[in-house]
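In what follows, a structure is listed as structure tokens, so that the remarks can point back to it.
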Amino acid sequence: MGKRLTIHDIVDFKSRGEPIAALAAYDYFTAKFIDRAGADIILIGDSMNMVVYGEETTLTLDLEQSIYHTRAVARAVERALVVGDMPFLSYQPSPRDAVFSAGELIRAGAQAVKLEGGRAFLDHIGAILDAGIPVMGHLGMTPQSFHKFGGYRLVGKDAEEASRVLDAAIALTEAGVFSIVLEKIPSALARKITETVDIPIIGIGAGPYCDGQILVVNDILGLFDDFSPKFARKYADLAGIITESAANFVQDVKNKEFPNKSESYK
């Protein structure tokens, strides 16, 4: 599959104009298959709290859960850059907390960590970077600020808010992050940020002008059918396939058609 990608390879993608394909995944087998498919980055996102555990927000996920899933994904990956997401309150209290939490994700097999927020967390980012751990930023609609935003709304529609997002992207770049995820912002603002900073900008609901795109694997596979974001393209209907397969199994058992002789031991 070629050599393992590093943060330097991801930065080089932007300099040579090659789009970055990233996916959020949470378990060994899914990570193995999307790594085999050629994904450049696999993020063990805190979105697992919703798509894996069925919670309404990301806020109740804890660091131990993130470590557990990061370890599973890291064992499966041979090529993609593995990024561990830092859950709510694993880094916000202090730079010291941020370093220890980031270190635990690195010990679990991540090559970098992602955290949400702008200027308020520059000291935290600096401390993590000083510990030798690469950092990916996350701006725009940041799910850990769900209550602050009043829901999962579009961020940056008015000039003042757009200016704050752009300013934060510049500040994160100057602080030393190697890339930034932009979530649910107008495509024109994402384009401005992508053209302004010299690190890769990876969009999710941020339009076509970013250096790369990221989606949740459950969304592209049609597994999370309770809600489908406007920006998520469905490439399969595994929810339907799983339901049909399970229903066929139940029917075969009820009709005493499973197991048959060839499926039994003498």
Exercise for the section: For region 78-92, enumerate the residues that are free of Cβ contacts under 8 Å to residues at least 60 places away in the same chain, within 16 Å of the chain's Cα centre (by Cα) and in a loop (DSSP other than H, G, I, E, B). Expected result: Met86, Pro87, Phe88
Problem - Top-ranked residue in region 181-198 [being part of a loop (DSSP other than H, G, I, E, B) and within 20 Å of the chain's Cα centre (by Cα); ranked as farthest from Gly151 (Cα to Cα)] - result: Pro186
Exercise for the section: Inspect all residues belonging to region 233-242 and state whether any of them is among the aliphatic types (A, V, I, L, M), touching a helix residue (DSSP H, G or I) at 6+ places or on another chain (Cβ under 9 Å) and closer than 30 Å to His8 by Cβ. Expected result: no
Handout entry: Test: Pro93 is in contact with a Leu (Cβ under 6 Å, 6 or more places away or on another chain) and at pLDDT 95 or above
Key = no
Practice task
Consider Tyr26 carefully, then state whether it is touching a residue at least 24 places away in the same chain (Cβ under 8 Å) and assigned to a loop (DSSP other than H, G, I, E, B).
Solution key: yes
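The values are calculated or read from the model by the stated rules, or taken from the named source; none is laboratory data. Quick caveat: nothing in here was measured; it's all calculated off a predicted structure. Methodologically, a virtual Cβ is constructed for each residue, glycine included, from the backbone with ideal geometry; neighbour enumeration extends over all protein chains shown.
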